[in-house]
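Throughout, read-outs are computed from the coordinates displayed, never taken from laboratory work. Note that the coordinates shown come from a computational prediction; the quantities given were computed from them, not determined experimentally. All Cβ positions, glycine included, derive from the backbone under ideal geometry; neighbour counts span all protein chains shown.
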Amino acid sequence: LTVQERSSEQYRPDTFPWVFDSAPDDIVENTGSGGLLSGAGRNQDTANDLLSDSDFTDRLLGRQWGDSAGVADFVGRGTTHRPPELDNGVVYGPARDAVLAAADDHEDQVAGS
Amino acid sequence: VDHPELRDVLDGLRD
């Protein structure tokens, strides 16, 4: 998430007028941080904990992503919990609630508008 | 930037 936040700064050259006289011509789409998120989601307990934290979900869904597949993967895994006695996962309520609240707060970013 | 994959997951959670 921090990597994505830092790389996103290149899309906003107007916030750094002392660095860029005009829009930079070397913008590189960052799809790597989405892949990192996807990998991090394989630790489901940690993903459950992170997505239950409203500060984290606010940062996660308040971003623009070059490719949202990694975010979707992380959210999908982190909002699911699989108790040892069950073969299939069930929705993990605290994470689902925090994610949907953040999605409502960042409706424009999620919709890409 | 559109986020179709993310929207699909969120729609699933809302359901």
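Residue selection: A:Leu51 fails the criterion of being of a type outside the set (Val, Ile, Thr), within 10 Å of chain B (Cβ to nearest Cβ) and surrounded by 22 or more Cβ atoms within 10 Å (Cβ to Cβ). Can you tell me which residue is surrounded by the most Cβ atoms within 10 Å (Cβ to Cβ) among those in the stretch A:56-107 that are touching a residue at least 24 places away in the same chain (Cβ under 8 Å), farther than 19 Å from A:Thr2 by Cβ and more than 12 Å from every other protein chain (Cβ to nearest Cβ)? Residue satisfying both the conditions and the ranking: A:His81.
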